[in-house]
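All remarks here apply to the structure that follows.
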């Protein structure tokens, strides 16, 4: 397989970062060939409405255009992009992402805080040797701080807390230099916000385990640069692996907190924009290390962007050894959520098997969806019944809500929306324009996907109506001339006429027939099924 050049863009609360890499699938590994960064301050949202401001949007679009031009000049085959905290929380965040796609053609995936943490873990894992030692990873962004406990095999605990350097500077700092009273309130607030994830980290550490601590992000790298200038007189390049003691971080925080913004501007290593937010960012690091009782922290220059590259490689099967566990993250989390809401897993697997069988047999004949959509269908099939956990009445609607708000790692926010919609329409009403979640899907292609995959899911649900595996398999024979589809159903037990399944199929097939423009005829066959 040939080498590929891929660009990854992270649209954060404080900055937009891009990394361009050359992937060598034979290793598999990647080499960074270019980086781009600009401080756009998306987190400076309108105080009254919480919306992203026109100025911040313009700064972001200008930066993204430069990133796109650089990626194109270096012959990047694909640009992958994610947006995090600021865009996720802004009422007009979705409009912003649609504007990016309309003006630049870049599709940006919105990801949850925990998914951001998982990809940070992947990025750090690609750049540090974990051996068999657990690692605590601290990533301080503009809008959120991620605390992660992980080892070489898996992330044991992922968290994303709404404390970031930009957010706290805006909400808590009004004095210059920061007053003792404001600093006290700031530290108390940060401590309160971090107590729960810190407790979870302690809970997930085993006796006698001594974790190594890794720090990523601009805030921590800036502190490392200030420390290196004082201690060494030069800044190591690369900074990866540079270690700072807790007591030295404490000194730096005290020193910065006593300075005015103008004085901080005179400090070598502090940019104009970083000088504005370094105090709350540094206090987050100090409080996190205090609560975790950490003696030192080691810098890792790889983080979310590199994690996006690793995730891209994983989903394409380019990595299978050390990160095999991570390659199965979506499937494992779907099963985890199914168990949480007491879904009958045997039933879920049977429905998913039928759904994928129908999907595969009709691919290229009645639909042109591929592996990514197949994965969404499997996830929706496994979780379509989870709404019963709330109530059997209207449980398809409850399923939508539970899936949409589940912490399904590995999926983007759009993918979660699609899974939830597909599951929601496994029964009762077909998708309608008056249904807000369906109507709000960003493109008509996504609406088509929901209609077609949910129609397939309806058939799969009907094929296990008695919830006992009465049907072993189904063969689909499509007659293009007559626009008819023959369902040859093979019972598990010879002589079983599967009357209830056939009845339910006749009831559920209407949406399928309408969507695909075919007539579906189901027949029982007691011959051996044709191999699929």
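How big is D for region 329-524, in µm² s⁻¹ as a whole number, if Stokes-Einstein is applied with the Kirkwood radius of its Cα pairs at 20 °C and 1.002 mPa s? This corresponds to a translational diffusion coefficient of 128 µm²/s.
The average projected area of region 129-301, computed from the convex hull of its Cα atoms over all directions, is 9.5 nm². Each helix, a run of at least 4 DSSP H residues, gives -39500 (n - 2.57); summed and divided by the residues of the chain, these come to -15500 deg cm²/dmol at 222 nm. Using alpha carbons only, how many degrees (0 to 90, rounded to 10) separate the axis of helix 246-257 from the longest principal axis of the chain? Taking Cα atoms only, the helix is inclined about 70 degrees. From most to least packed by mean Cβ count within 10 Å, the peptides 288-300, 161-173 give 161-173, 288-300. The C-alpha atoms of the chain define a longest principal axis, and helix 113-127 lies at about 70 degrees to it. Please state the shape class of region 222-281: rounded when a/c is under 1.5, otherwise prolate if a/b exceeds b/c and oblate if not, all from the C-alpha gyration tensor. It comes out prolate by the Cα gyration axes.
Taking all pairs of distinct Cα atoms, average 1/r, flip it, and tell me the Kirkwood hydrodynamic radius of region 21-174 in Å to one decimal place.
By the Kirkwood definition, the hydrodynamic radius is 17.3 Å.
By other beta-carbon atoms within 10 Å, ranking 309, 422 with the fewest at the front produces 309, 422. Here the scattering of region 403-516 is modelled by Debye summation over its C-alpha atoms, one equal scatterer each and no solvent; at q = 0.23 Å⁻¹ the log10 of I(q)/I(0) is -1.22.
Each of the peptides 25-33, 467-475, 141-149 was scored by the mean count of other Cβ atoms within 10 Å over its residues; in descending order, highest first, they stand as 141-149, 467-475, 25-33. Reported value for the chain: 178 Å³ per residue, from the convex hull of its C-alpha atoms. Suppose a student asked you for the relative contact order of region 129-301, using Cα pairs under 8 Å spaced at least 6 residues apart; what percent would you report? About 29 percent, as a whole number. Convex hull volume per residue, computed on the Cα atoms of region 83-229, equals 168 Å³.
Note down, for region 78-157, the three equivalent ellipsoid semi-axes (square root of 5 times each alpha carbon gyration tensor eigenvalue), biggest first, whole angstrom.
Whole-Å semi-axes of the equivalent ellipsoid: 30, 14, 8.
The relative contact order of the chain comes to 11 percent, based on Cα pairs under 8 Å that sit 6 or more residues apart.
Cα centroids of region 453-532 and region 346-410: 17 Å apart. In degrees from 0 to 90, rounded to the nearest 10, what is the angle of the helix 218-231 Cα long axis to the longest principal axis of the chain? That works out to roughly 30 degrees.
Please compute the alpha carbon radius of gyration of region 33-86, then divide it by the globular-protein estimate 2.2 N^0.38 Å. Two decimals is fine.
1.33
Each value in this text was obtained by applying a stated rule to the coordinates, not by laboratory testing. In this text, all values refer to a predicted model and were calculated from it rather than measured experimentally. FYI the Cβ positions are ideal-geometry reconstructions off the backbone, even for glycines, and counts take in every protein chain you see.
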